[in-house]
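Contents: one structure, followed by commentary.
The values are calculated or read from the model by the stated rules, or taken from the named source; none is laboratory data. Since we're looking at a predicted model, the values are computed, not measured. Every residue, glycine as well, gets a Cβ built from its backbone with ideal geometry; the counts of neighbours run over all protein chains shown. Remember, those area values only see protein heavy atoms, side chains included, never the ligands or the DNA or RNA. Shrake-Rupley method; radii C 1.70, N 1.55, O 1.52, S 1.80 Å.
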Amino acid sequence: MLAFLCGGMEFSPDGGRQWRERIRFWIQENLNHRVYDPTVETRRLLKKDELQNFRDWKLTDLDRFRKTMRIIINHDIDVMANQTDYVICYWDESAAAGGGTHAELTAAYRKGIPVYLVTEMPVEEVNGWVIACSTKVFPGFNDLKTYMKATYGEEAQQRALWGTR
């Protein structure tokens, strides 16, 4: 199975790396699923000069910025549409300020891919579109992990295999 990690990057102080790294290792260790982490993939996708400069190009060279961003967008949406089994989205102020998270959640919803939304924000402050695209909402990562183990863990797989609850 492939988990797609979705959430703010552009406006996040750490580029969205820390939460993704923690949950990526947890998923790999506890569920034995593959993980698509765009903070890692972007480094693989882009050439060295693109990676170092594309954020600056937003101010200095919009055409070059747009071209580079489209490499990332096309790859992310392709992975979402053709490989992803479920999405884990961390919704915070940085996700709300950006655009990619909204687009990825919409793509997942359109494809019928489960979206597990983690947010520490009061639900009334979360965009209605985002709530509508989500399958389940969690107030923190510990609640998500409990659900994921029960749904995708080894015991859940054995119950599904044997047709028991």
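If you filter the range 33-58 down to residues that are in contact (Cβ under 8 Å) with a residue 24 or more places away in the chain and among the polar types (S, T, N, Q), you find that the one that is farthest from MET1 (Cα to Cα) is THR42. Exactly one residue out of ALA95, ALA103 is among the aliphatic types (A, V, I, L, M), touching a strand residue (DSSP E or B) at 6+ places or on another chain (Cβ under 9 Å) and either in a helix (DSSP H, G or I) or open to solvent by 40 Å² or more (accessible area, probe 1.4 Å) (or both): that is ALA95. Restricting to the range 54-90, and then to whatever is farther than 12 Å from ALA107 by Cβ, of a type in the set (A, V, I, L, M) and part of a helix (DSSP H, G or I), can you tell me which residue is most open to solvent (accessible area, probe 1.4 Å)? So the residue we want is LEU59. Is it the case, given these coordinates, that VAL40 is under 20 Å from PHE138 (Cβ atoms) and surrounded by 13 or more Cβ atoms within 10 Å (Cβ to Cβ)? No.
Looking for something assigned to a helix (DSSP H, G or I) and crowded, with 19+ Cβ neighbours inside 10 Å - is there at least one such residue anywhere in the range 25-35? Within the range 25-35, one or more residues are assigned to a helix (DSSP H, G or I) and crowded, with 19+ Cβ neighbours inside 10 Å. Of the numbered criteria (1) over 19 Å from PRO38 (Cβ atoms); (2) surrounded by 14 or more Cβ atoms within 10 Å (Cβ to Cβ); (3) modelled with pLDDT of 95 or more, the one ASN142 fails is (2). Scan the range 75-132 for residues that are of a type in the set (S, T, N, Q) and touching a residue at least 60 places away in the same chain (Cβ under 8 Å) and the total you get is 4. When we screen VAL126, VAL130, VAL118 for residues that are open to solvent by less than 20 Å² (accessible area, probe 1.4 Å), more than 15 Å from the chain's Cα centre (by Cα) and under 24 Å from ARG17 (Cβ atoms), the only hit is VAL126.
Scanning the range 1-24 for residues that are open to solvent by 10 Å² or more (accessible area, probe 1.4 Å), closer than 16 Å to THR119 by Cα and touching a residue at least 60 places away in the same chain (Cβ under 8 Å) yields MET9, SER12, TRP19, ARG22.
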